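Undergrad: Sharing a structure below in structure tokens format, with a few things to ask.
Values quoted throughout were computed directly from the atomic coordinates according to the rules given, and no laboratory measurement underlies them. Quick caveat: nothing in here was measured; it's all calculated off a predicted structure. Heads up, the Cβs are rebuilt from the backbone with ideal geometry, glycines too, and the neighbour counts pull from every protein chain shown.
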Amino acid sequence: MITGKTKLLGVIGAPVGHSLSPIIQNAALRAAGLDYVYAALPVRAGALSSAVCGLRDAGAAGFNVTIPFKTEIIPLMDELSEDARRIHAVNTVVIGADGKLVGHNTDVTGFLAGFEERGVSLAGKRAVLIGAGGAARAALWGLLRSGVSSVVIGVRNAAKGIALAADFAVDGVVTVAAFTDPAFTAALNTADMIVQTTPLGMTPRTEEMPPVDLAALHPSAIVYDLIYTPAETCFLRAAAAHGHVTINGETMLAAQGAEAFALWTGVRPDVALMKRVLREELARREFVF
């Protein structure tokens, strides 16, 4: 029951009506017995500053941030976590009792949880990263933070890949190769893991996949696609057919939400419950559509 003492959490963005976060977070809050409620809060373009001030002044405990505000919100923060600073994006804001706004990025924790769940150690490994967008920034920082020996960024647009590599040049060995470059195929031959960060293959365009020659992959390479809808993309299905261990984005989504939950409440949520609720809601939406 929502009362005058119930603490407010939410997600801001435009649009946010499709967000799975309210369903996942409210289920976890109920299971933990916490007097919070989590809501989707649409924010108009140009109204970000007033929306953030309003949430702070209304006594909200914190909120998630989604497209298109993850970078735009940074100047409004009083403090940034290291992950948010390095990725240059905020997806979680904690509002202190004094009104202080601290920006975090839990995507890195969520991304690494996919490997941890499979017992995969990243230290000293070679990685190929597909894409150079926002999701790639979080994955690249996570890989470098975990001590991989090298990362090759595979891209169509070399300039975008070069800019991303330059941002993280001080953190490790990061190079760029166009998909048509022989150097990209050579990287696939020796990579211990391939991380796919583009929207290729995401619902509703499930027939798409990145231009990766799976026959060129090292036989023991792990293939990780950050997409979670569908649960198995064409890319993952083809990789599994070649005998590769595959990971989808489901654990990343649940784990990044769980990390935000802990930052707001100081309590570790039931991640298994969050994943189960996620699967059930995705199945329901697939049935409806």
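Undergrad: Given the chain, what percent of its DSSP beta bridges are antiparallel, to the nearest 5?
TA: On the way: 7 of 40 bridges.
Percent antiparallel among DSSP bridges in the chain is about 20.
Undergrad: A159 versus D171, label points 7 Å from Cα toward the beta carbon: distance in nm?
TA: The two pseudo-label positions are separated by 2.4 nm.
Undergrad: Tabulate in residue order the Karplus-calculated ³J(HN,Hα) for the range 83-97, using 6.51 cos²θ - 1.76 cosθ + 1.60 with θ = phi - 60°, rounded to whole Hz; enter x for Gly and Pro.
TA: Each residue of the range 83-97 in turn: 4, 5, 5, 6, 7, 6, 7, 10, 10, 9, 10, 9, 9, x, 4 Hz.
Undergrad: For A238 and V267, compute 0.36 nm times the residue count separating them, minus their Cα-Cα distance, and round to one decimal in nm. Mind showing how you got there, number by number?
TA: Details: separation 29, 0.36 × 29 = 10.44 nm, distance 3.92 nm.
Fully extending the segment from A238 to V267 adds 6.5 nm.
Undergrad: If you don't mind, another one. Which length gain, in nm to one decimal place, applies between A45 and D78 when the Cα-Cα distance is subtracted from 0.36 nm times their residue separation? Can you show the working numbers first?
TA: Values: separation 33, 0.36 × 33 = 11.88 nm, distance 2.18 nm.
Computed gain between A45 and D78 is 9.7 nm.
Undergrad: Please give the calculated 222 nm ellipticity per residue for the chain, where each DSSP H segment of at least 4 residues contributes -39500 (n - 2.57) and the sum is spread over every residue; nearest 500 deg cm²/dmol?
TA: Working: 10 runs with 112 residues, N = 289.
Taking each H run of at least 4 residues, the total per residue is -12000 deg cm²/dmol.
Undergrad: Right, next: Can you give me the span-like helices of the chain, meaning DSSP H runs with 20 Å or more of Cα extent along the axis and Kyte-Doolittle mean at or above -1.0?
TA: On the way: long enough: 250-265 (23 Å, 0.51); 271-288 (26 Å, -0.01).
For the chain, where a helix must reach 20 Å along its axis and average at least -1.0, the hits are 250-265, 271-288.
Undergrad: Using a simple charge model, +1 on the beta-carbon of Lys and Arg, -1 on the beta-carbon of Asp and Glu, nothing else, what dipole does the chain show about its Cα centre, in debye to the nearest 20? Walk me through the intermediate numbers first.
TA: On the way: 24 positive and 26 negative charges, 63 e Å.
Taking the Cα centre of the chain as origin, the dipole is about 300 debye.
Undergrad: Let me ask something else. If I build a Gaussian network model for the chain, linking alpha-carbon pairs within less than 10 angstrom, which residue out of E72, E259, E232 has the largest mean-square fluctuation?
TA: E72
Undergrad: Which whole-angstrom value gives the distance between the alpha carbon centres of the range 140-182 and the range 58-74?
TA: 28 Å
Undergrad: Identify which of A84, A45, A31 has the largest mean-square fluctuation in a Gaussian network model of the chain, with springs joining Cα atoms closer than 10 Å.
TA: A45
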